[in-house]
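Below is one structure, written out as structure tokens; comments come after it.
All of the numbers you see were taken from the coordinates with simple rules; none came from a lab. Model, not experiment: these values are computed from the prediction. Neighbour counts run over all protein chains shown; Cβ positions are idealised from the backbone, glycine included.
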Amino acid sequence: MDDRPTGQVIMWPLVTRERFAELSGLNEGVVRGMVEKGHIPSVKIGRHRLANLAMAFGNMINLYARYGYNARTVIKHL
């Protein structure tokens, strides 16, 4: 029997390219190209390549910080 409480949600920072496209509003072909060029951080598991949401979000925060934006302000407007 599973010891986890019912209704528990497990969040993974990895998603398929298709799901990343859905979440970001970008075309799947655009996301595929960005992953292949390394613009979207990803990891290969078996024969599947998954986009790393946590790393992409962290990169975005760092980019905004470079231009003087406060991370808290950026997150607030997402």
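Brief remarks on what is shown
- Summary of packing: across the peptides 58-68, 23-33, the per-residue average of other C-beta atoms within 10 Å ranks them, highest first, as 23-33, 58-68.
- Vicinal HN-Hα couplings computed from phi for region 36-44 (Karplus, 6.51 cos²θ - 1.76 cosθ + 1.60; Hz; Gly/Pro x): 4, 7, x, 6, 10, x, 8, 9, 9
- Over region 12-78, the pair-distance histogram of Cα-Cα distances with 5 Å bins from zero comes to 4, 17, 25, 22, 17, 11, 3, 1 percent, rounded to whole numbers.
- Radius 12 Å from Cβ of Phe20, net charge of other residues (Lys, Arg +1; Asp, Glu -1): +1
- Placing a label point 7 Å from the Cα of Val30 along the Cα-to-Cβ direction, the residues of region 38-67 with a backbone N closer than 14 Å are 40.
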